[in-house]
Amino acid sequence: MKTLIRFFIRTIPRPVLIKFSGLFSWIFRFWYRGNSVECPVCGGEFRKFMPYGIETRSNVLCPKCLSLERHRLIWIYLQKETDFFSRKLSFLHVAPEQCFYPKFKKMSNLDYLTADLESPLADMHFDLHDIPLEDNSFDFFMCNHVMEHVEDDAKVMREIFRVLRPDGMAILQVPQDYSLEKTYEDATITDPLDREKHFLQKDHVRLYGMDYAVRLQRAGFEVEEILYAKILGDELTERYRLPENEILYLARKKN
């Protein structure tokens, strides 16, 4: 299974994976039936989660809704700590995740807009370096595991800040090496294999370190950093298979 998933990730274009992954999930959820782990996003219970990633991680991918550790962490935070599920919000979701998309689309309190360069789930297709939307348009913005792909992340962060309304919030998670004090980037590294070696994936252009919050602050955000799995405790972290060391970055646009 690990080899098969690694092959899919490496060789099949992302839009194709998105279109057909739902079909495969029907097979996988039967194979993984049980009750040792639970997905808070879809409510599914399984004997374990599926493996996922180029450097394959075991027991992380929900067979039903395809949530990963970070998605489940974000979902629980929004559910327990915010009024996201009840307050009227204008929401721009960039690179919409398959586990979130059908849930958010059904929520009557959200004025929900999706965007991406190529995803079939997107309402709009544009480059984040130049968002074709007006200033102060959205109360909430979500864009996860995208910053490591863009050429100029500082410009993208400023664009996100621009389209957020005052008091708006953005969740902008990234792959991160917590042993790095500063983000590692080198524009001379262009070969896909070299990028995978240095930045974890062939289409990544940087590896974020512990200065990620500072980079967001330079764009104008006030940033709160939360080790949320630690707050939830060991029992829920294990039951939901959450990333216990992942920092949740809450970027706010203050008046």
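For the stretch 106-152, the set of residues classified as part of a strand (DSSP E or B), of a type in the set (D, E) and surrounded by fewer than 19 Cβ atoms within 10 Å (Cβ to Cβ) consists of D111 only.
The residues on offer are R72, R6, and the sole one that is part of a helix (DSSP H, G or I) and modelled with pLDDT under 90 is R6.
Scanning the stretch 45-63 for residues that are in a loop (DSSP other than H, G, I, E, B) and crowded, with 20+ Cβ neighbours inside 10 Å gives F49, C62, P63. The C-beta contact set for the stretch 146-165 (first residue under 13 Å from G220 (Cα atoms), second residue β-branched (V, I, T), distance under 6 angstrom, 6+ apart or interchain) comprises V156/V150; E159/I131; V163/I131. Scanning the stretch 212-239 for residues that are in contact (Cβ under 8 Å) with a residue 12 or more places away in the chain, open to solvent by less than 40 Å² (accessible area, probe 1.4 Å) and over 25 Å from D167 (Cβ atoms) yields A229, L232. If you go through the stretch 210-228 one residue at a time, do you hit one that is assigned to a strand (DSSP E or B) and more than 19 Å from the chain's Cα centre (by Cα)? Looking through the stretch 210-228, at least one residue is assigned to a strand (DSSP E or B) and more than 19 Å from the chain's Cα centre (by Cα).
P166 versus (1) over 19 Å from V146 (Cβ atoms); (2) under 20 Å from the mean Cα position of the chain (by Cα); (3) not in a loop (DSSP other than H, G, I, E, B): which is the lone unmet condition? Here P166 clears every test but (2). Within the stretch 183-199, the residues that satisfy the criterion of being crowded, with 16+ Cβ neighbours inside 10 Å and either modelled with pLDDT under 95 or assigned to a helix (DSSP H, G or I) (or both) are R195, E196, H198, F199.
What tally of residues in the stretch 77-105 results from selecting those that are touching a residue at least 60 places away in the same chain (Cβ under 8 Å), under 21 Å from L128 (Cβ atoms) and either outside any loop (DSSP other than H, G, I, E, B) or touching a Ser or Thr at 6+ places or on another chain (Cβ under 6 Å) (or both)? Within the stretch 77-105, residues that are touching a residue at least 60 places away in the same chain (Cβ under 8 Å), under 21 Å from L128 (Cβ atoms) and either outside any loop (DSSP other than H, G, I, E, B) or touching a Ser or Thr at 6+ places or on another chain (Cβ under 6 Å) (or both) number 2. Taking L180 as the residue in question, decide whether it is modelled with pLDDT under 95 and surrounded by fewer than 19 Cβ atoms within 10 Å (Cβ to Cβ). No: the conditions fail for L180.
The values are calculated or read from the model by the stated rules, or taken from the named source; none is laboratory data. Fair warning: this is a prediction, and the values are worked out from it, not measured in the lab. Note that each Cβ is placed from the backbone with ideal geometry, even for glycine, and that neighbours are counted across all protein chains shown. Accessible surface areas use protein heavy atoms only, side chains included; no ligands, DNA or RNA. Shrake-Rupley method; radii C 1.70, N 1.55, O 1.52, S 1.80 Å.
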